[in-house]
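What follows is a single structure, written as structure tokens, with notes after it.
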Amino acid sequence: MKKSFYVLAVTLVIATLVISSTASIPITKHTKENNNLVSDYESTPKPLATKTDYFSIPAAAFNPEGSSTTYSIDGTYLNGVGEFFAPVYLPSKATVTKLLFFWADYNGPEDGTVRLKRYAFGASASTMAEASTSGSTGSGASEDNSIDNAEIDNSQYSYFVVFDVPSAVIICNNVIIEYNYEPVIVPESMINEEESKVPNMVSK
């Protein structure tokens, strides 16, 4: 009886040591999206290589400064006289690298201009980048890659684009904002933790 008890006790000790040692071994998983190895026990997001993305603003997104402004607008063009505004939504900490403006200009002496603006809450708006039309022969494109205050901070600022046009024969087709950002790997342990906070609303 004593011998059997001794063997059982030793077996339990060995099993405990094995379980405790294997519990701390990280489980490495291979993610299809970013081709990286992620340890299951990690709890801190890891940044990946910087990526480039684009925020596209169609002509249809612009609104005139005043209700009395006369203009024509559809999904592909905007023409009128005055200032027209469109909101810009970029992720915080993204870095704006280029403003691209696609247009048509049939007015030689005058040019239309698109400006990317940053508005400080309770203060005035400042220009981050601008691009203008030129000539009078029709369609074209212009860009500005010299960006002031390029990093996006949505906690302190809001962002918008203004199309300033002096002639109805100057047309805005599209505005594209190029930006860089750093994506992160979110460990599965963090996802599981957040999911556990969501109440189960399914009735049983």
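What follows draws every value from the coordinates through simple rules; no lab data is involved. Being a predicted model, the structure only gives us computed values, none of them experimental.
Can you work out the Karplus-derived ³J(HN,Hα) for every residue in the stretch 167-176? Use 6.51 cos²θ - 1.76 cosθ + 1.60 with θ = phi - 60°, whole Hz, and x for glycine or proline.
9, 6, 9, 10, 10, 9, 9, 6, 10, 10
Would you kindly derive the ³J(HN,Hα) couplings of the stretch 69-86 from the backbone phi angles with the Karplus curve 6.51 cos²θ - 1.76 cosθ + 1.60 (θ = phi - 60°), listing them in order in whole Hz, with x for Gly and Pro?
Using θ = phi - 60°, the values come out as 5, 9, 7, 10, 8, 8, x, 10, 8, 9, 9, x, 10, x, 10, 10, 10, 9 Hz.
Just subtract the alpha-carbon distance of Gln156 and Asp74 from 0.36 nm times their residue separation and send over the number in nm, one decimal.
Details: separation 82, 0.36 × 82 = 29.52 nm, distance 3.28 nm.
Residue separation times 0.36 nm, minus the Cα-Cα distance, leaves 26.2 nm.
Taking N as the number of residues in the stretch 89-167, what is its Cα Rg relative to 2.2 N^0.38 Å?
Working: Rg = 14.0 Å, N = 79, 2.2 N^0.38 = 11.6 Å.
Compactness ratio reported: 1.21.
Can you list the HN-Hα couplings for the stretch 108-117, worked out from phi with the Karplus curve (6.51, -1.76, 1.60; θ = phi - 60°), rounded to whole Hz and with x for Gly and Pro?
Values, residue by residue: x, x, 10, 10, x, 10, 10, 10, 8, 10 Hz.
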